[in-house]
Amino acid sequence: MFMLLLAALCVLPESSNAETTTQSFTALRFNFDSSSYISYYPDMSPMRQSFSVCLWIKKLRPGNGAPFTYRYGEIFMTDTGYHNQLFESDSLNGQLTSKFSTPYGSWYFYCSTWSLASRTFRIYHNGELIGTQTTPSGRTLEAGGPLVLGNYLPNFFWHRFGGEMYNLNMFSRELTASEVASLSENGLCTLIPESLEDYRKIKWEEILKLSRSGTVQDFDTGCELLQELSLNRTLEEVLDNTKIELEKTKIELEETKADLMNVWDIINSRLFGMRITDKQIKLIKELDDEEIETCLDS
């Protein structure tokens, strides 16, 4: 039984190991003022020819706040959906606001993807494709600019965010529609799959370590507890299934024992009154099931 339990532990989902140890379950709350933000200069060179940026956003009040901006409009979005810009193009401005219908105080998942090969900038809201933009041939993402979280620019009045943000990650690949959908399939607590880790170049857990301006506060999403509860439920299910398999094995062993007793009864009835040597008894005991059946059929 002990060995079976060890085997059961080995079949637990991989997400209960590596994924839960590398990702953070802490979110950020930005004060509603122009001085509360995070600004730094990341290495954007891996994303010059393709990228995807995804995050969870909670809008808390009216306004056209900017959860993040890269290089002054090279990549730019606002929490109302009015702005969704790549390469400073305003072709989508005002076109997608009806799709950003999540009520104040509720989380929604935002993702934008692009590649030089596809020349298509795609906008996703809660895993659903809601808008596209064709980009100029040969145009790549400019490197070397600041990534600002919580505002359009440091100390900029008109696009101060004043909301909550969680799990902003940037990938060096244009994610497929199914990959984008999978990132939100279990709600806020959805983990980044192991298959995308090599492409995750800007990581939320590293953003949390950056210096901050104004009032930008950490808070617990509660996802870590949910992950632990999920793991416990999974372990209980595995143990329950192991018990069921043990019961089945026990029944099978009892049936096998009964069959063997029947075989020996037949052998004893055929050998009754016959004198056999110890060597012959030893040979009989070494017969396998197929050889016994052949012997009985004859």
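The values are calculated or read from the model by the stated rules, or taken from the named source; none is laboratory data. What you see is a predicted model, and the numbers here were worked out from it, not measured in a lab. Glycine gets a Cβ as well: all are built from the backbone with ideal geometry, and neighbour counts include every protein chain shown. Note: accessible area is taken over every heavy atom of the protein model, side chains too, but ligands, DNA and RNA are not part of it. Shrake-Rupley method; radii C 1.70, N 1.55, O 1.52, S 1.80 Å.
On a per residue basis, the stretch 42-163 carries 39 Å² of accessible surface, using protein heavy atoms and a 1.4 Å probe. Taking all Cα pairs closer than 8 Å and separated by 6 or more residues, the relative contact order of the stretch 66-197 comes to 25 percent. When the surface is traced with a 1.4 Å probe over the full set of protein chains, K58 keeps roughly 40 Å² accessible. Each Lys or Arg adds one and each Asp or Glu takes one away; over the other residues whose Cβ falls under 13 Å from the Cβ of R61, this sums to +1.
Of the solvent-accessible surface of the stretch 110-182, computed with a 1.4 Å probe and all protein chains present, 52% belongs to carbon and sulfur. Just add up the charged neighbours of F30: K/R +1, D/E -1, any other residue whose Cβ is under 14 Å from the Cβ of F30. Residues near F30 contribute +2 overall. Spatially, the stretch 125-151 and the stretch 35-79 are offset by 9 Å when compared through their Cα centroids. F157 contributes an accessible area of around 100 Å² to the protein surface, as traced by a 1.4 Å probe with all chains present.
Positive contributions from Lys and Arg (+1) and negative ones from Asp and Glu (-1), summed over other residues with Cβ under 12 Å from the Cβ of V148, come out at +2.
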